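Structure first, then comments.
The values are calculated or read from the model by the stated rules, or taken from the named source; none is laboratory data. Remember, predicted model here, so these are calculated numbers, not experimental data. With ideal geometry, Cβ positions are generated from the backbone for all residues, glycine too; neighbour counts draw on all protein chains shown. Each accessible area value is taken on the protein alone, full model and side chains, heavy atoms only, with ligands, DNA and RNA left out. Shrake-Rupley method; radii C 1.70, N 1.55, O 1.52, S 1.80 Å.
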Amino acid sequence: MLWSLFKILVFVAIIGLLALGGHFLMQTSGGVQITVAGTEFTLGPLQSVIALGVLVLAVWLFFKLLSLLVATLKFLNGDETALSRYFDRSREQRGYQALADGLMALASGEGRIAMTKASKAEKLLNKPELTDLLVAQAAEMTGDTKKASDTYKKLVTNSATRFVGVRGIMKQKLAEGDDETARKLAEKALAIKPRHEETQDVLLNLQTKAQDWAGARSTLTSKLKAGYLPRDVFKRRDAVLALSEAKGILDEGATVEQQERAIEANRLSPDLVPAAAMAARAYIAKGKSRAATKILKKAWEVRPHPDLAHAFAEIEPDETPEQRVRRFTALTRIHPENMETRLILAELNIVAEDFPEARRALGDVVEKRGDARAYTLMAAVERGEGATDAVVQGWLAKALNAPRGPQWVCDNCHDIQPEWGPVCQNCHSFDTLSWQTPQTPEIATATGVHMLPLIVGALESQTEEPETVETAEDDDVVEVTVDAVEVADDAEAQKQV
Ligand SMILES: [Zn+2]
């Protein structure tokens, strides 16, 4: 409403000004004198203004006519015209229609139709960056890998489609199982698009598979930089990779670099058990037993683990069993109720031949959460306290049927692995091993259980067998835990001394 009023006011003002201007011009004297071929024309002020307007119009008309003339000349010369443009447009339209049909066929899984449409679009459009993509996809769908790879190679030559081409060839190499070439291509693709998440994952996977830990660490860092990885996950995985670097060097003999890597891995992720154990060993090698103790105590606080206990024992290899029990209180008092703590304490006391103390350490573990290791230890305690063979064999028979307790289990494929590694041996996924009790506890086979009376009977006939621990060792069917075997060895050695 206000706006209309404003427009009306402006209109009235312009009319008023024009009238005022015309009136002013008529009032003023003088004008323009033009001499054309000896005749003089005298124009008044108003007439001069009108004449100027006519002149401007004439110039505009002249240029218009000139451009029309040029266009006519071009037409006669055979240049692009409205007519040829019409045909071009129709050709382009049919090309895009073919492209759209091809995409539709691709989405509906009709590879052959997609292929036909793609070659039609290729002819009509002359835009290889568009049609090549369709051809490559259609060729993949129809299983024509040769055609697909040729098209990907064409895409690589164009800077706009280079990434798509490299990625396509990379995927083909992955499918062929040529990991080495695929890794190089993934590196190339990432150089073009450093933030491409899928390629980062592929490269990381291939690098860990090829044990290129340094390369994997740099890929992991670019994942963090691109914002695809939370910082805590990055730290943990970086630690795993640093540890893997240390492990690789360990195979060729302990070096300073290996020690530093292990210590770095532990610093990055103090709760990573293998890193803590390896870092502690690195410190032991350097003669820094206090630093080793500190690291192991810190890791034990997060999670008691047999590997930590082993490393802790290595700090003082020459101490007596009694001294060892005393030194271990630094660890065992941290989580006194933890299953692992109690088993370790029982083992140490068995080696020190303090059987009542070992029995006290085991406590109700045997009744509540008995596994093969706990039952084996119980058998050793019973034998140490002079129980009959029947009692000892009873415990060993139980161990045969009991679950094996926590182990390194892959979170991805649930495969059980004998020792920790950065990559699952079964499914090759990275950083998926965790220390846990398997969901399907490894129980001895049905045959094993049925054989039990025979085995126990055989054992009963060998009553002259003096050593408990030897019984456990000879019984091949019972796969006793590594720890128990070591304890057995130690006890034996102790007795021989
Ligand atoms: Zn796995």
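Output the number of residues of the range 204-226 satisfying the condition of being in a helix (DSSP H, G or I), closer than 24 Å to residue 426 by Cβ and either modelled with pLDDT of 95 or more or open to solvent by 50 Å² or more (accessible area, probe 1.4 Å) (or both).
Counting residues in the range 204-226 that are in a helix (DSSP H, G or I), closer than 24 Å to residue 426 by Cβ and either modelled with pLDDT of 95 or more or open to solvent by 50 Å² or more (accessible area, probe 1.4 Å) (or both) gives 2.
Residue under question is residue 373, and the condition is that it be in a helix (DSSP H, G or I), in contact with a Ser or Thr (Cβ under 6 Å, 6 or more places away or on another chain) and in contact (Cβ under 8 Å) with a residue 12 or more places away in the chain; does it hold?
It is true that residue 373 is in a helix (DSSP H, G or I), in contact with a Ser or Thr (Cβ under 6 Å, 6 or more places away or on another chain) and in contact (Cβ under 8 Å) with a residue 12 or more places away in the chain.
Just checking, how many residues over the range 279-302 are under 16 Å from residue 335 (Cβ atoms), surrounded by fewer than 20 Cβ atoms within 10 Å (Cβ to Cβ) and among the hydrophobic types (A, V, I, L, M, F, W, C)?
Residues meeting the conditions: 1.
Give me a count of the residues in the range 407-420 that are surrounded by fewer than 18 Cβ atoms within 10 Å (Cβ to Cβ), part of a loop (DSSP other than H, G, I, E, B) and either more than 8 Å from the ligand (Cβ to nearest atom) or not acidic (Asp, Glu) (or both).
Result for the range 407-420: 5.
Of these, 350, 315, which one is over 36 Å from the mean Cα position of the chain (by Cα), in contact (Cβ under 8 Å) with a residue 12 or more places away in the chain and within 20 Å of residue 272 (Cβ to Cβ)? Please lay out each step first, then the result.
Numbers: 350 fails: within 20 Å of residue 272 (Cβ to Cβ).
Matching residue, one of 350, 315: 315.
One line per residue, one yes/no per condition, for (1) over 17 Å from residue 121 (Cβ atoms); (2) out of contact with any Phe, Trp or Tyr (no Cβ under 8 Å at 6 or more places or on another chain):
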residue	(1), (2)
138	no, yes
154	no, yes
160	yes, yes
165	yes, no
176	yes, yes
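I'd like to check something: does the range 55-73 contain any residue that is in contact (Cβ under 8 Å) with a residue 12 or more places away in the chain and under 30 Å from residue 23 (Cβ atoms)? Spell out how you get there, then give the answer.
Here is the first cut: in the range 55-73, the ones in contact (Cβ under 8 Å) with a residue 12 or more places away in the chain are none.
Among the residues of the range 55-73, not one is in contact (Cβ under 8 Å) with a residue 12 or more places away in the chain and under 30 Å from residue 23 (Cβ atoms), which makes the answer no.
In the range 377-406, which residue that is free of Cβ contacts under 8 Å to residues at least 24 places away in the same chain and assigned to a helix (DSSP H, G or I) is farthest from the ligand (Cβ to nearest atom)?
391
Quick one: residue 377 ticks every box in (1) open to solvent by less than 40 Å² (accessible area, probe 1.4 Å); (2) under 37 Å from the mean Cα position of the chain (by Cα) except a single one, so which number is it?
Single failed check for residue 377: (2).
Could you identify the single residue in 306, 270 that is under 30 Å from residue 345 (Cβ atoms) and at pLDDT 90 or above?
After applying the criteria, what remains is 306.
Of these, 425, 439, which one is modelled with pLDDT under 85 and either open to solvent by 40 Å² or more (accessible area, probe 1.4 Å) or not in a loop (DSSP other than H, G, I, E, B) (or both)?
439
Which residue out of 54, 10 is open to solvent by 70 Å² or more (accessible area, probe 1.4 Å), at pLDDT 75 or above and over 60 Å from the mean Cα position of the chain (by Cα)?
Going through 54, 10 in turn, the sole match is 54.
Going by the conditions given, is residue 179 at pLDDT 90 or above and within 27 Å of the chain's Cα centre (by Cα)?
So residue 179 passes the test.
Yes/no per residue for (1) open to solvent by 70 Å² or more (accessible area, probe 1.4 Å); (2) more than 35 Å from the chain's Cα centre (by Cα); (3) at pLDDT below 90:
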| residue | (1), (2), (3) |
| --- | --- |
| 93 | yes, yes, no |
| 97 | yes, yes, no |
| 104 | yes, no, no |
| 107 | yes, no, no |
| 120 | yes, yes, no |
| 128 | no, no, yes |
| 131 | no, no, yes |
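Output the helices (runs of 4 or more DSSP H) that fall wholly within the range 35-135 and possess 3 or more residues being in contact with an Asp or Glu (Cβ under 8 Å, 6 or more places away or on another chain) and within 30 Å of residue 164 (Cα to Cα), or say none.
Qualifying helices (runs of 4 or more DSSP H): 111-125.
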